[in-house]
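Working notes for the structure below.
Bear in mind that the values in this text are calculations on the coordinates, not laboratory data. Computed from a prediction, not measured in an experiment: that's the story for all the values here. Ideal geometry is used to build each Cβ from the backbone, glycine not excepted, and the neighbour counts take in all protein chains shown.
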Amino acid sequence: MKVLITGGAKRIGNYLAKHFAVKGYDVILHVNRSISEGEALLSELKNKYKDQNFKLIQCDLNEWKKVAKVFKETFDNIGLPDVIIHNASYYLNKSLADTQEDDMEQMMGIHLFSPMVINKAFYKRGGKGNIISILDTAIQTNQTSHGMYLLSKKSLADYTQMIAREWAPTIRVNGIAPGPVLPPEEKDAAYFNEVVKNTPLQSQVQLSSISDSVDFILQNKNMTGQVIYCDSGQHLL
Ligand SMILES: NC(=O)c1ccc[n+]([C@@H]2O[C@H](COP(=O)([O-])OP(=O)(O)OC[C@H]3O[C@@H](n4cnc5c(N)ncnc54)[C@H](OP(=O)(O)O)[C@@H]3O)[C@@H](O)[C@H]2O)c1
């Protein structure tokens, strides 16, 4: 079994890569800027799991018109994954009024158009298995502090459900909408602790809860077009 994880060098993606490696998967790790972190992670995994294959690919998902070529070559050279996790993200801190045209292109490129071209390359090659979009619990809201980020994640959620319908029965497509797992790089611990305290369960979302959600999706063969809100109840606010 093989998994592709986008934006997998650090944080949640890094955790998921290790999680899949423990389960015996080969891992295709996509990175953009974090090439050395990605290489370090893969060499750690190669040392631990000598019978499995690990591969690093690099591309900027902002440049979404160039993305299809990279992933088509990857799929043709090393085979199709069984699971794709769309994890890469950029949390652009701008209201909709401040959003520039380049911001629109960037957010839709990373969060919608690149997942679309990667998925299409997978599907057109006869891909079978699971696609999981990592969303955000805020897709239930109309908060605009990160307006274009949220709009692109809402679009990814809709697209996730549309391909779940179009590409059944060979591919199951689901989403996970996390609440506060790790503080955004732009914010300090006090801000994050306040967000956590204000969730109904008053608890930080554990990395293991994200991987539990992934496992649940993979194990539940009747589940497609769903979104798991793994968010300490934040979507209820
Ligand atoms: N952290 C949370 O508490 C939280 C809450 C809600 C939702 N989420 C969602 O969960 C997922 C993971 O969260 P995270 O906080 O671990 O993510 P993150 O650290 O913000 O970003 C993950 C990776 O995305 C990659 N990325 C950013 N811009 C890119 C681009 N232009 N092209 C290609 N890759 C790009 C980066 O790769 P490089 O480092 O290689 O450049 C980065 O390491 C995201 O989809 C996020 O929206 C997270």
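Could you list, in sequence order, the residues of the range 64-94 that are under 21 Å from Pro183 (Cβ atoms) and over 18 Å from the mean Cα position of the chain (by Cα)? Quick ask: steps written out before the conclusion?
Looking only at the range 64-94, we keep the residues that are under 21 Å from Pro183 (Cβ atoms), and these are 87-94.
Scanning the range 64-94 gives Asn93, Lys94.
Can you name the residue in the range 58-96 that is in a loop (DSSP other than H, G, I, E, B) and free of Cβ contacts under 8 Å to residues at least 40 places away in the same chain and, of all such residues, is nearest to the ligand (Cβ to nearest atom)? Step through it out loud before you land on a result.
Within the range 58-96, the subset in a loop (DSSP other than H, G, I, E, B) is 59-63, 79-82, 87-96.
Subset that is free of Cβ contacts under 8 Å to residues at least 40 places away in the same chain: 59-60.
Working: Cys59: 7, Asp60: 5 Å.
Among those residues, the one meeting the criterion is Asp60.
Please work out which residue is surrounded by the most Cβ atoms within 10 Å (Cβ to Cβ), limiting yourself to the range 68-116 and to residues that are closer than 20 Å to Arg172 by Cβ and in contact with a Ser or Thr (Cβ under 6 Å, 6 or more places away or on another chain).
Pass one, the range 68-116, residues closer than 20 Å to Arg172 by Cβ: 71, 75, 79-87, 112, 115-116.
Right, trim to in contact with a Ser or Thr (Cβ under 6 Å, 6 or more places away or on another chain) and you get 86-87, 112.
Details: His86: 27, Asn87: 23, Leu112: 22.
Looking at residues that are closer than 20 Å to Arg172 by Cβ and in contact with a Ser or Thr (Cβ under 6 Å, 6 or more places away or on another chain), I get His86.
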Going through the range 12-39 in order, the residues found to be surrounded by fewer than 21 Cβ atoms within 10 Å (Cβ to Cβ), within 9 Å of the ligand (Cβ to nearest atom) and not small (Gly, Ala, Ser) are Tyr15, Asn32, Arg33, Ile35, Glu37
Would you pick out the residues in the range 220-237 that are surrounded by fewer than 19 Cβ atoms within 10 Å (Cβ to Cβ) and among the charged types (D, E, K, R)? Lys221
Number of the condition not met by Leu42 [criteria: (1) crowded, with 19+ Cβ neighbours inside 10 Å; (2) within 15 Å of Leu80 (Cα to Cα); (3) over 18 Å from the mean Cα position of the chain (by Cα)]: (2)
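Could you run through the range 126-149 and say how many residues are more than 10 Å from the ligand (Cβ to nearest atom) and over 14 Å from the mean Cα position of the chain (by Cα)?
In the first step, residues of the range 126-149 are kept if they are more than 10 Å from the ligand (Cβ to nearest atom); the result is 126-132, 140-145, 147-148.
With over 14 Å from the mean Cα position of the chain (by Cα) added as a condition, the list becomes 126-129, 140-145, 147-148.
Residues that pass the stated criteria total 12.
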Whichever residue in the range 176-210 is under 17 Å from the mean Cα position of the chain (by Cα) and more than 10 Å from the ligand (Cβ to nearest atom) and, among such residues, is surrounded by the fewest Cβ atoms within 10 Å (Cβ to Cβ): Ser208
